[in-house]
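To keep things clear, I will list the structure first and then write my remarks on it.
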Amino acid sequence: MSILSTLGITSGRKVRYGFVALGDIAQEAMLPGVSHTGNSEITALVTSDPEKAQGVGKQYGVDRHYSYEQFDEMLRSGTVDAIYLATPNWRHAEFAVRALKAGIHVLLEKPMEISTAKCREILEAQKGSKAKLMIAYRLHFEPATLNLIEKIRGGELGEVTTFTSTFIQMVDPQNHRAKNGVEAGPIFDMGPYPVNAARYVFGAEPTEVVSAVGTRHPDAGLGAFDDTVAVTLRFPGNRLAQFVLSYYGNTLDSYTVVGTKGSVQMNPGYMYGKPLEQSITIGQTKSTESFKNTDHFGGELKYFSDCILNDRDPEPDGEEGYADVRVLEGIVRALETGERQVLEPFARERRIDTEAQLETLRAQSSPELVNTSNPGKGQEKVPKN
């Protein structure tokens, strides 16, 4: 019996999702995108805040509400085929493992977890389950990003040698990201973006964290962690990736890829809610290309639901999530010790399929948020997990 038959999913049916955690990213971006996927629907909400459950439930017509303590009850209810999991980083394995063991598919926000050990727990649960696991790397489906990858693979930039990035936002000291240490700080919260980008730009895995340097600005008003971190990674073939992450500064998210024949700057490079743009230099010829703003979140959800309905393995899978946490973990060690960190050998065979993963759903407006807010302090929204 196929997994689709087991779950009672047939052709033309929609995948029924339980949304676990209703913070800013779920309310602002993922929930609004569900209705126009054509293959997904919301059937349950999980939150510790009854008022939030009522308010969000009313917005989307969802009357099945569960507390975190009732999570297993939801899994057994027969009303969900999959979950979208957007709890704080350090609570991902707690819920993902139980869902996978129950045969419920999991769309898991990045980072996959805060340690490779926790990632392995999730991978083991998925290995023993018929359910599918996808890590929510929304840029794996975004037109400008996929176009850049095609330019690189097509040789337009020549041999790509360097990757540099700056990713900064001014985080409100009252936001939970400011109060939960390194696990909620910029390394795990923002780090997946440049780490993942460097990996798909080079099509390879870094071999070492050459250096990681952090600082704490006295006026930032944040917790006991480095609010700004500068990192250098070494990749095979004498290639380097360097990036700065910060919770203290005017919003900027950009990256530049340089090859022997040309370069491309993406600015913005990670953001949702506006078009992503390329500034291209080939030899001495300069040009710009702007890509239509799309619904990153609805696109990745549509893709994942399609994988479930047609029994296909998704990309990005759990191994892709592990690959980034492997690097983030090394960055933390380098920051703590002040020494370079050689990363354990790791090979990733599967890469982004730029044709099969392209999604172009139109952008959606964010609704009024219930008992949550964007983490930025008086600035435009930036991508969160």
>> If I ask for residues that are polar (S, T, N, Q) and either closer than 14 Å to Leu361 by Cβ or at pLDDT below 95 (or both), which ones from the stretch 267-283 would you list?
In response: none
>> Of everything in the stretch 164-188, what is surrounded by fewer than 24 Cβ atoms within 10 Å (Cβ to Cβ) and either under 20 Å from Arg234 (Cα atoms) or of a type in the set (Lys, Arg) (or both)? Give them in sequence order.
In response: Thr164, Thr166, Lys179
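Counting only residues that are of a type in the set (D, E, K, R) and either more than 12 Å from the chain's Cα centre (by Cα) or modelled with pLDDT under 95 (or both), which one in the stretch 313-327 is nearest to Lys132 (Cα to Cα)?
This residue is Asp313.
Do we have any residue at all in the stretch 375-385 that's at pLDDT below 95, of a type in the set (A, V, I, L, M, F, W, C) and assigned to a loop (DSSP other than H, G, I, E, B)?
yes
Can you pull out the residues in the stretch 272-294 that are in contact (Cβ under 8 Å) with a residue 12 or more places away in the chain, assigned to a loop (DSSP other than H, G, I, E, B) and either over 14 Å from the mean Cα position of the chain (by Cα) or surrounded by fewer than 20 Cβ atoms within 10 Å (Cβ to Cβ) (or both)?
The answer is Gly273, Lys274, Pro275, Leu276, Gly283, Phe291, Lys292, Asn293.
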>> Can you confirm whether Ser305 is crowded, with 18+ Cβ neighbours inside 10 Å and touching a Gly at 6+ places or on another chain (Cβ under 7 Å)?
In response: no
> Looking only at the stretch 202-237, which residues are within 17 Å of Thr164 (Cα to Cα), assigned to a loop (DSSP other than H, G, I, E, B) and either acidic (Asp, Glu) or modelled with pLDDT under 95 (or both)?
Replying inline: Glu205
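The values are calculated or read from the model by the stated rules, or taken from the named source; none is laboratory data. Predicted model, so just to flag it, every value in this text is computed and none were measured. Neighbour counts are summed over all protein chains in view; Cβ atoms, including those assigned to glycine, are modelled from backbone coordinates with ideal geometry.
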